[in-house]
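Only one structure is covered here, and it is reproduced in the block below.
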Amino acid sequence: MTGFEKHPSWAELNRLADGELSGDRRRRVATHSAACSRCRETVSYLSAVREAAGEIRHPSPPRDLLNDVIESRQAGQRVILPAAAVDLPKTRRAPAAAAGLALALAGGLATVLAVSEAGAGSSDLTFDPRVPRVGEAIEVTYRAGSLLAGQDRLRLRVRARKADATTPRATMGRYVELDLHPRGDGEYTTTLDLSADVAYATFSVEDPTGTLLDDRGGRLWDLLSHDSRGQPLLEALRQQFLVLEMRDWPAAGEGLEQMTYLYPDRAEGWSRQLAHEKPILLPDEAAASAAKHREIFRDLQDRALALGTPPPEEIASLTRYAMALSEEEAAAYWLDRLEAVEPLHPLALSARLLIEAGRGDLEALDFLEEVWTSSGARSAVVYRGGLAYASRIGDPEAVRRWALRGLPLTSDHEWAVQASLAMVAHPETREQGIAEVKRLIAHLAEPDEAERPLHLTRQEAQRQSTRLIRKLQARFGAGLLASGDVKAALRAFDGAESLGGWQPDLYRWRAEALLAAGDTEAALMDLARLEADPLLSRDSIGSLIESLPPRLDGAVASRRPQAVREMIDRLRAELPTPRSVPHGELVDASGIARGLEDVLDNRPAVLFFWDRRVLDSEAGSVVVADRHLVDAGLQLLWATPEPHSEVLRAFVRGAGLTVIPYHDPGAALAAEVGEWGAMGCYVIDRAGRIRARTDNLMEAVRLLEVLEMETRAAA
């Protein structure tokens, strides 16, 4: 990357657009922008804003801004403003450098700039009044692109998060659904009322049947709560970051820049920024960053000490900041202060749990037991910790106890499944566990509309529910088998089988059950299915096959062709409609940008978007996946928003990875394919078409290898 290890800051690009950079700095930024499409488009965008807005500039906030904001909040003033009123095609949202710019973009300029985007077949969502106050009705206008044009009416789907929301990021809080009514020229409107406690909200639009969905390419539209001056509230920026950090790291980093700019006297933005940037810095950059942050931390600490008793959230942020800086004495001090004012604060609990876990799993479980019974902190977080540690130490009584305690607290299906199956495994609670499993299956079969994520159509959500049901059914059968009830286990396995799909875990468990029941002939087909699966080695199922009587030598092999055909048919039945790969660019290790088609080079591939800062624990599965694909003559491609650096190369070497990372500048390619989530895997066939997307890398490997089996069979 010419002239820069990293992109210039938004402020530098803005100054270049305004003609305010000079000398060597101007040459460096201009040279970089000439070679970088992301930064070049940002400069063009800012230039368009400058021309349309006339003399709008970006003044520094007044010294007493923070005090004024605090006073306004205490007076109950709240404003909701679009987080990004306009996005030109393929342009990342830049953080607002001042309230003036935010208000300008939310005003008349938004309409002018959005017209060209809609004219290109894109869609847009706008709000009126553009700076509404809480309690006012907000008119929402959707300008339909080609996907949803011509519909009689549409539906606006909303997720709203409170300032202290801790709900799962996929569902993102309270659900609101409204009809959008046509008013001509491809526009649809509705009226929205958001309560005063909403900090952040996101939106998607779909047709009345839930079949066609516009989720803005996976990014969604969003709103932030603002104060009376048009400045985003700290709580709103926090909720936005918590949602984006697991989905879009570059955008999350931009939000942190905005947080530290607007709230320089609050520790939260600085502590999160340090943790966000720390893993990708070179050693000298990391040292310089740490020195800067230590200076900021000391200043913030002095300010907090001068207050006497800062708010609990500020104490928590100072604790996180000190931990991230390895300032052990300061971290211990602020943790003690946090426990003194709010002993059940999640950070206080998690910090003490880490300390106890360092001594051992039993100590961690004892700590959680004390928290639950003595302090009254009976939350889903404590319950999950208790169930997890009880399972780790293998104490069936503790597992049963925690499962019973926490089941009413969780709306997370995965934890509810674990708790239910834990009860099935224990004789005293087996009947209750079975009843709970049946209740979960019934719920998943008729899911609540409010549980459907904004980025899933009804059909996609139903497919997801079906996969969850059959997984639960199979695990339920495994639990019954472990308890000794073979007949009930076989009934559960047959129920999972009736839901279709390719289920290797089911085949293994059912083969074990059939062999235990003495029905060897029936087990042969499941054993053949296991042998046909490309991800399973003969060694992994050898003990089951070796248990067969000598007279059945070759019986499994004779059924293998049928099992292969069945596997192909079952996996193909669940594949969505193929679509072409986008024309995005990736940067290789030498700094050369190449189109995705060139990178693929007409070879089938699994393309996965993976940020090591979020999921470095996945390195082992990447090694296995790469080996599988290379042995099959296929390829694994890794796209990451992280630039090439010695830190990244050291990580690749240390993790034993053989796959080479490609830099996805600004996560632009991820946005092109509609990527959502921390790790998305795309199966790309020989024709250069995207055949499937999954969160599980090994599932993607299986799909690609099976598609290749089908291609070879057809040839």
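Leaving ligands, DNA and RNA out of it, report the carbon-plus-sulfur percent of the accessible area of segment 197-262 at a 1.4 Å probe. Carbon and sulfur together cover 55 percent of it. Of the accessible area of segment 446-572, computed with a 1.4 Å probe over protein heavy atoms only, carbon and sulfur atoms account for 47 percent.
With r as the distance between the Cβ atoms of Asp448 and Arg298 and R0 = 56 Å, compute the FRET efficiency 1/(1 + (r/R0)^6) and round to 0.05.
0.70
Percent of C-alpha pairs per 5 Å bin in segment 401-552, short distances first: 2, 9, 17, 18, 17, 14, 11, 7, 3, 1, 0, 0. Of the whole protein surface, Leu368 contributes about 10 Å² of accessible area at a 1.4 Å probe radius.
A 1.4 Å probe over all protein chains sorts Val486, Val198 by accessible area into Val486, Val198, starting with the largest.
In this structure the amide hydrogen of Ala163, modeled in the peptide plane, comes within under 5 Å of the amide hydrogens of Ala199, none closer than 5 places in sequence on its chain. Applying 1/(1 + (r/R0)^6) with R0 = 56 Å to the Cβ-Cβ distance of Arg458 and Asp553 gives a FRET efficiency near 0.65. Shown in residue order for segment 389-400 are the 3J(HN,Hα) couplings computed by the Karplus curve 6.51 cos²θ - 1.76 cosθ + 1.60 at θ = phi - 60°: 6, 5, 5, 5, 7, x, 9, x, 5, 5, 4, 4 Hz (x for Gly and Pro). Here is the size of segment 396-486 from its Cα atoms: Rg then Dmax, 13.9, 42 Å. Placing +1 on the Cβ of every Lys and Arg and -1 on the Cβ of every Asp and Glu, with nothing else charged, gives segment 458-574 a dipole about its Cα centre of roughly 420 debye. Translational diffusion of segment 179-266, estimated by Stokes-Einstein from the Kirkwood radius over alpha carbon pairs at 10 °C in a medium of 1.306 mPa s, is 105 µm² per second. Pairs of alpha carbons in segment 492-555 separated by more than 20 Å make up 22% of all such pairs. The stretch between Arg603 and Ala632, if pulled fully straight at 0.36 nm per residue, gains 9.3 nm over its current Cα-Cα span. Charged side chains reduced to their Cβ positions (Lys and Arg at +1, Asp and Glu at -1) give segment 184-284 a dipole of some 380 debye around its Cα centre. Normalised per residue, the accessible area of segment 338-447 is 50 Å², obtained with a 1.4 Å probe and no contribution from ligands, DNA or RNA.
Suppose we look only past 27 Å in the calculated P(r) of segment 531-658. What percent of the Cα-Cα pairs does that tail hold? Provide the component values of the computation, followed by the final result.
On the way: 3202 of 8128 pairs.
The proportion of pairs with Cα distances above 27 Å equals 39 percent.
Over segment 280-332, the reciprocal of the mean inverse Cα-Cα separation, the Kirkwood hydrodynamic radius, stands at 11.7 Å. All C-alpha to C-alpha distances of segment 516-598, sorted into 10 Å bins beginning at zero, yield P(r) values of 15, 31, 18, 15, 14, 8, 0 percent in whole numbers. Accessible surface for Lys278 stands near 100 Å², nearest 10, in the context of the full protein assembly shown (1.4 Å probe). With a Förster radius of 25 Å applied to the C-beta separation of Lys438 and Val623, the computed FRET efficiency comes to 0.05. Using a probe of 1.4 Å on the protein chains alone, the accessible area found for Asp361 is around 50 Å².
For the set Val647, Val622, solvent exposure ranked by accessible area (probe 1.4 Å, protein chains only) runs largest to smallest as Val647, Val622.
The values are calculated or read from the model by the stated rules, or taken from the named source; none is laboratory data. Values in this document were obtained by computation on a predicted structure and should not be read as measured data. Note that we place each Cβ from the backbone using ideal geometry, even for glycine, and neighbour counts take in every protein chain shown. Just the protein is used for accessible areas: all its heavy atoms, side chains included, with ligands, DNA and RNA removed. Shrake-Rupley method; radii C 1.70, N 1.55, O 1.52, S 1.80 Å.
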